[in-house]
Amino acid sequence: MFSLPRVAFFSAALMLIISFFVSCETDFEVNDEWKEIGVVYCLLDKEDSFQYVRLQKAYLNTNTNAYQLAQLNDSIYYTQEVKVQLIHERLKDTINLEPYSIENKADGVFSSTPYFVYRTPPGLQLQKNNIYILRVKNTETGYELTASAPVIEQGNVTDPTAKTTSLAYCSSLGEFRNYIKRREMTINSGRGVKFYDMSILFHYGVIDSNNITDTTWESIEWEIGKMVSLSSTKGSLPAQLTYSGEDFFRFIGRQMKPQPAGKAIVPGFLEYLYMAGGQDIFDYINVNRPSNGIVQKNPEYTNVTNGLGIFSSRTDIRRRVGLDGCTIDRLAVDPFTSHLGFVR
């Protein structure tokens, strides 16, 4: 039978006794004096038509269940008393953001009636290589929070370069020889980019054998990995990840489900996706990732002055590439994918 060491047991008992007498002699309040704290989440994206800011209140009330408070709209959201602005740091241009109601919010802990964010006016185009300041002010209490972030650039994709991608190698007669051993996703980092999340979307059509004109197009995303953007004295170095043709067939065979009778899959094309993020969102993600050690509480990261949250920049670049005939033929007969219902 497992038992605590005697010294450890004695120490635990001693601490229990001390805490009992201390609790009998001293009463203290868990809550400090109330302080207004805003919580913001915003990722600027130069390619988006609108910029969105999620704004909430931080709250604590030991007399009420936190889940019940989260269902009270005025406990977690600001109403008409708040002003949200985006300011161009150099030009000092000020853009006022307006509340924008979101009707299709997924059910969850927080109130959704109504649920709204703050949105820039139509037609706004962020300027690359410039810093923007987010300012939120409560006009009733005078409370204000600020944050700043540069707008990052997309970068330049250098691989893949061809209009078609081969993931299998066939002879001149169309006989399968081997998988392609190495393929690359490579991009010259854009200014201000700290990391890239690289993935490949495989687009395919599901057809009905009774009505071949009735095709439903779907896609599945293959996450290749994350690559930190490195810099040298001459500038940013290319960000690159590799994969193989066999990796592709294994992924498709593992993630896709076989089609029922009367259905078949037509291979479509690949879409290479490079999702870029700035320094602050990189730090935020790394600080908040699950801990692998004994201490499970993560430190709190925020780049918001006089508030909490994250204000940073992101962007993405996509490249659409077709599949060659050898790869398409192989999907129908390969040991990893032949059970799915691909047709040549």
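Please treat every number below as a calculation from the coordinates, not as lab data. Quantities reported herein were computed from a predicted structural model and do not represent experimental measurements. Note that we place each Cβ from the backbone using ideal geometry, even for glycine, and neighbour counts take in every protein chain shown.
At a glance:
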{"item": "Listed pairs Lys46/Lys194; Lys226/Lys257; Lys128/Lys194 exceeding 22 Å between Cα atoms", "result": "Lys226/Lys257"}
{"item": "Cut-off under 5 Å, modelled amide H: who pairs with Tyr78 long-range", "result": "Lys57"}
{"item": "Residue-count net charge about His203 - beta-carbon cut-off 11 Å; Lys, Arg +1, Asp, Glu -1", "result": "-2"}
{"item": "Aspartates and glutamates whose Cα lies under 19 Å from that of Lys35, excluding same-chain neighbours fewer than 8 positions away", "result": "Asp74, Glu81, Glu140, Glu144, Glu300"}
{"item": "Label-point separation, Asp316 to Phe176 (7 Å along Cα→Cβ), nm", "result": "3.1"}
{"item": "In the range 114-201, GluC sites (Glu not before Pro) in a DSSP loop with at most 11 other beta-carbon atoms within 10 Å", "result": "Glu140, Glu175"}
{"item": "Fewest-first sequence of Val53, Val321 by Cβ atoms within 10 Å of each Cβ", "result": "Val321, Val53"}
